[in-house]
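Rule-based calculations on the coordinates, nothing more; no lab input. Small disclaimer: the values here were computed from a predicted structure and weren't measured. So basically every Cβ, Gly included, is an ideal-geometry build from the backbone, and we count neighbours across all protein chains shown.
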Amino acid sequence: MTGQFTQDAPETECLLDSMRQDVIGKPLVRIDALAKATGTATYAAEYPVKDCLEGVLVTAPFARGRITGIDIDTCLACDGVVAVIDNEKLIARCAQGTAGEAPVQEVRKVAYWGQPFALVVAETFEQARDASKHLKITIQDDDLSDIPCDPQAVEPENQQYSSQGDLPHAMTEAPHSVDAKFTTAGHASAAMEPHAAIAQWDGQTLTVHASLQMLNYNISELADAVGLEENQVRIVSRFVGGGFGSKLGISAETVAASLAAMQLKRPVRVAMSRQQVFQCVMRRSETSQRMRLAAGKDGTLQGFGHEALVSNLPDEQFAEPVLQSSEFLYAGDNRLLTLDLARVHRMTAGSVRAPGEAVGMPTLEVAMDMLAEACSIDPVELRLKNIPDRHPMKGTPFSSHKLAECLQQGAEAFGWDSGLRKPRQRREGEWWIGTGMASAARVHNIAKAKARVTLNPDGTALVESDMTDLGTGTYTILGQIAGEMLGLDPSNVLVDLGDTRLPRGPGSGGSWGAASIASAVYVACKAIREKLTKYANVTEGELNLKDGGVEGGASFAQLLGDKELREEGHYEPGDIEDDYVAAGFGAYFAEVRVNAFTGETRVNRMTGAFGFGRVLNERTARSQCQGGMVWSIGAALTEALHFDPRDGHLVNCDLAEYHVPVNRDVPELEVIMVEERDPAASPIQAKGIGELGMCGGAAAIANAIYNACGARVRDFPITPDRVVACMPD
Amino acid sequence: MRPFHYTRPESLNHASQLTASSNAVPLAGGTNLVDLMKLQVEVPRKLVDLNRIGMETIAEAPDGGLTIGALASNTATAVHARVRSDYPLLSRAILSGATQQLRNKATTGGNLCQRTRCSYFTNIDQPCNKRQPGSGCGALGGVARLHAILGTSAQCIATYPGDMAVALAALDARVEITGHGSHRSVPVRAFHLLPGDRPERDNVLEAGEIITAVTLPPPVKGRQIYRKVRERSSYAFALVSVAAIVAMDSGRIARADLAFGGLAHKPWHDPRLADLLIGEQPSAALFDKAACLLLENARSHGENEFKIPLTRRTLAAVLAEATEIDL
Ligand SMILES: Cc1cc2nc3c(=O)[nH]c(=O)nc-3n(C[C@H](O)[C@H](O)[C@H](O)COP(=O)(O)OP(=O)(O)OC[C@H]3O[C@@H](n4cnc5c(N)ncnc54)[C@H](O)[C@@H]3O)c2cc1C
Ligand code: SF4
């Protein structure tokens, strides 16, 4: 049986508000927390598989050209080596999120430094790794001087252009304006668990334990890559040690392990080295951006321009959607938004947590700070003044909009001083102290999803889907949804995820996971409730379920005898997506200290206030917000991919040299959740939260640096050398 | 990683004999060596594990100084009561490096001998004169953000990345070395070499020589400061670091032992700085003069240009703190 729901109109009534179990929104601890903390949660590479061979990927040490020959003999002669897989089905790039088909497979045509082209398989990992260094190739590399590795040096393609009114005119007419250029560095997802897979082939079915985010698409990608039907492929991904976009689509290890297992008829494990993870999975594109803001005397925006240049490999569709929230965040009649894409030979650019806003919002929000200064207006006030009623170009209404509340509540909690702001006012010893703020915005995404729910007469339930949990708490919130709807303590709900044998979920990505899969579970539970009304002989409105049965009445055992109730819930976004602008909003406030001598910046404290629809679990939602704010600190101060300008190789490719924030960089992070219901976002009235926390936070820090020491740095990350270079002495 | 032999001798003599053979290297905490072996940057045929020789003690020296065994862990050294009271500079320098877990494994000898973090050195698909003499220097003309500005050569612009040795250079400690049946003692300031035209050599150790200890001279009066500048507040190598022991006498500088990290292929010690500073009243102008002297021959390589002003500013901050003047 199936419950089907397609959302074409706002859902103002949601059953979750009238249920009796009272577990929705509660700060339940993640049910897998203990297993993870004690090391008993099994990650992709950790499954004990008998007779497993070990594979090591071999990558190209040049950025563009052709591999004309691979001499495998020396390699095959090495101890323990079983095979060298160099077949034409290996993938050269990772699949983009939601691709659903194999990515570029021409491994011998090299498009970036570090592109995988072969797999060495041996009895032990050490043997495979050693032998992989003996693989000799003959190459025909293109003229090095001709390799475009610098996005500024190539003629870009226009990806997006929208214009309204006359921005240049508005800029010259306006009493106040800002015209500023920015750059942001490329980022790596830097998930803790490296990409890994164990593949097994029994002659009919390919079973792969992998670390992937979106099994619903990955199964099609993998089947397409290795030439099987989808029903011959099973992917299992029960725990994922972080993905942040880098595991949206399949990567080389999964395909290579599969091909090797199929060829050798033995299980094969392939785990990327940390360096390979950096060199050949998704990067976030570096950007260069120009912001133009024109405002009236009172700060009302009249012109809004945001132009960006990003990069990707030839033939890739993806262009970092820098302007995504700029389209609707602030008013202004004269608008110009352009996005250009330069084709360069660096590894595939794709989704890294909050693609677009992660780098578009910080620049916009620094420009807003500059405008506030130009207008002598409090920066919070400037933002409040410019919140549009509707999408400034399309005229569509917002599904819900909590920016004003977030700004106000955040300012109050932080103790924001709305007086006139001037840099270099507070000094403690060697340190300049300053504060800054920024808005947050992130488009709301939602995806179609299926889940199966079984209510057992013993008062337990089972929730099943191929949805993944990246450590975010999906297992836990689904137990809460089913528990709330069916009147069960969440500890009595078993949630089974991460296996393509189960109904197709939405996958985890673009912050859509929780709202989409929870909606499917909600739809399934609704269908079960409908059946229960018959057993209990009441209407839906009278069906009060709690603690394993009808509240104050029959238990499920009494009601159902030995019959279980099983329903699939199918949820689809529907037409409503075109009728509303749906987005999460928020505000950040940061206090930093900047060393007057060395330019080192440390964040003293940070407050974030966010509105993202219904809170499903207060603890996991808070963790997402905090995680996003930690990423904001990294984007603001330390994270940058460095490419060699001559051969395009990635220079810093491990966690010692690619600097994500460490504990000591992260102060107490205060999170305020501005509770709301968004009836157009999803039937459970929830929006995405996984990315909102890092959509502008870097600007709050950048603005605080300016307020502290007077250095207006427009290049992210704001490293000590850049602060020193901009600091007035 | 290449297959290798592993031995664990029980005596220093035996260890030294074993390491005298070609391509045999000592293993201490392994936090640097093993990483580099995995990357095939280091491909020793034989590892000689020093952990059973009994060189981990930290003991009083007859002259009132302190002897720190080559196998004493960085943690043990940093928390040692006498180190903390008499050589706080050393304690702070060690604690500013790496992470707790790494410091628990890392040793005195290994720390002194840790290799450069130049990313062309650690990427075997890039040219590097240090790893493969004659192959060229990838960092020259490449991304050289963390590279040296002092004492570089046309062959190599790498830095010695450590912190502990910078403090030891300021403290004028000595490296005790045993090998081929004899013993020698080398000042830390002379232990590391400049790259010149033999960048493959980091320091004066010859095959078969083993560091047995580091000896600290009797403690001296003065304020001890270790300042490490970096973009993230922990778990990062120094962009620039300054180790300083500064004593004042009636408003004038009486001692100024300074050493610098992140600037060169070795902890940088310039004896002219003490000559310039001693006997003078501290002032911004004086500190500036010291920086000019220090950086007289500084040469940047693209992105590391910032190290020149950063060194100047950091030195001023440290001297101001040490002499208690406001700048
Ligand atoms: C991620 C990371 C971050 C780090 N950050 C810092 C930092 O911020 N600051 C810092 O100073 N260091 C840092 N380190 C480096 C760390 O301090 C060194 O790895 C450590 O000190 C090496 O000591 P070990 O005993 O493990 O040496 P090993 O790895 O065992 O040996 C290193 C070298 O020394 C030789 N050797 C060891 N003992 C002797 C001996 N007695 N006689 C002769 N030769 C010997 C070995 O043959 C080898 O060549 C970091 C390391 C890592 C991995
Ligand atoms: S700087 Fe030295 S270590 Fe780095 S690539 Fe050049 S020669 Fe090698």
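Here are some notes:
- Ellipsoid equivalent to segment A:459-554 - semi-axes via the Cα gyration tensor, in Å: 26, 13, 11
- With q set to 0.14, 0.23, 0.24 Å⁻¹, the log10 of I(q)/I(0) for segment B:223-323, from the Debye formula over equal scatterers at the Cα positions, is -0.50, -1.27, -1.37.
- Ranked list, fewest to most other Cβ atoms within 10 Å of each Cβ, for A:Met19, A:Met393, A:Met629: A:Met393, A:Met19, A:Met629
- Using Cβ point charges alone (K and R +1, D and E -1), the dipole size of chain A about the Cα centre works out to roughly 760 debye.
- Which of B:Asn304, B:Val41, B:Ile68, positive extreme of dipole for the protein assembly as shown (C-beta unit charges): B:Ile68
- Spacing of the two label points (7 Å from each Cα toward its C-beta) at B:Leu327 and B:Ile124, in nm: 4.5 nm
- For B:Lys289, a cut-off of 18 angstrom between C-alpha atoms picks up these lysines, skipping any fewer than 8 places away in its own chain: B:Lys307.
- Think of segment A:67-116 as having a plus end and a minus end, set by charges on the Cβ of Lys, Arg, Asp and Glu; of A:Val104, A:Val82, A:Ile67, A:Val104 sits farthest toward the positive end of this dipole.
- Take A:375-385, A:299-309 and order them by the average number of nearby Cβ atoms within 10 Å per residue, most first; the result is A:299-309, A:375-385.
- Placing a label point 7 Å from the Cα of A:Ser555 along the Cα-to-Cβ line, the residues of segment A:454-480 whose backbone N sits under 12 Å from it are A:457-460.
- In a simple Cβ point-charge model (Lys, Arg +1; Asp, Glu -1; nothing else charged), segment A:467-593 has a dipole of about 280 debye relative to its Cα centre.
- Two-decimal Rg to Rh for segment A:419-516 - Kirkwood Rh, Cα set: 1.33
- For segment B:223-327, GluC sites (Glu not before Pro) are listed when DSSP marks them as loop and at most 11 other Cβ atoms sit within 10 Å of their Cβ; the list is B:Glu296, B:Glu324.
- Charge dipole of segment B:223-323 (Cα centre as origin; +1 on each Lys and Arg Cβ, -1 on each Asp and Glu Cβ, all else neutral): 240 debye, rounded to the nearest 20.
- With a Förster radius of 25 Å applied to the C-beta separation of B:Ser182 and B:Asn104, the computed FRET efficiency comes to 0.15.
- Karplus 3J(HN,Hα) series, Hz, for segment A:417-428 with 6.51 cos²θ - 1.76 cosθ + 1.60 (x for Gly, Pro): 8, 8, x, 4, 9, 9, x, 6, 9, 10, 10, 10
- Hits among lysines - C-alpha to C-alpha of A:Lys297 under 22 Å, sequence gap 8 or more where chains match: A:Lys385, A:Lys422
- Counting only residues at least eight positions apart within a chain, or on another chain, the aspartates and glutamates with an alpha carbon under 12 Å from that of A:Lys534 are A:Glu542.
- Here's the picture: a label point sits 7 Å out from the Cα of B:Ala154 along the beta-carbon direction, and within segment B:189-203 the residues with their amide nitrogen under 12 Å of it are B:197.
- Here the label points at A:Ser162 and A:Thr539, each 7 Å from Cα along the C-beta direction, are separated by 4.4 nm in the simple model.
- Taking the centroid of alpha carbons for each part, segment A:534-608 and segment A:650-693 are 17 Å apart.
- Along segment A:116-122 the Karplus relation, 6.51 cos²θ - 1.76 cosθ + 1.60 evaluated at θ = phi - 60°, assigns HN-Hα couplings of x, 9, 7, 10, 9, 10, 9 Hz to successive residues, with x for each Gly and Pro.
- Computed E for B:Lys289/B:Glu200 - FRET, C-beta separation, R0 30 angstrom, nearest 0.05: 0.20
- Projected label points at A:Asp179 and B:Ser11, each 7 Å from Cα along the beta carbon direction, are separated by 8.2 nanometres.
- Taking N as its residue count, the alpha carbon Rg of segment A:150-219 over 2.2 N^0.38 Å: 2.18
- As a calculated quantity, the FRET efficiency between B:Lys221 and A:Thr124 at R0 = 60 Å, using C-beta atoms, amounts to about 0.55.
- Helical content alone sets the calculated 222 nm signal of chain B at -7500 deg cm²/dmol, taking -39,500 (n - 2.57) per DSSP H segment of four or more residues and averaging over every residue.
- Selection from B:Leu263, B:Phe237, B:Gln224 lying farthest towards where the dipole of segment B:223-323 points positive, charges on Cβ: B:Phe237
- Only beta bridges with both residues in segment B:192-318 are counted; by DSSP, about 100 percent of them are antiparallel.
- Taken one residue at a time, the phi angles of segment A:534-551 give Karplus couplings (6.51, -1.76, 1.60, θ = phi - 60°) of 5, 4, 8, 6, 9, 8, 3, x, 9, 7, 9, 9, 7, 6, x, x, 6, 4 Hz. Gly and Pro are set to x.
- For segment A:1-160, diffusion coefficient by Stokes-Einstein and Kirkwood Rh (Cα), 20 °C, 1.002 mPa s, µm²/s: 102 µm²/s
- Cα-based radius of gyration of the protein assembly as shown once divided by 2.2 N^0.38 Å, which approximates compact folds: 0.99
- Out-of-range pairs (alpha-carbon distance over 30 Å; input A:Lys26/A:Lys448; A:Lys394/A:Lys450; A:Lys36/A:Lys687; A:Lys50/A:Lys133): A:Lys394/A:Lys450
- Residue list for segment A:493-507, given a label point 7 angstrom along the Cα-to-Cβ vector of A:Thr2 and an amide N cut-off under 18 Å: A:501-507
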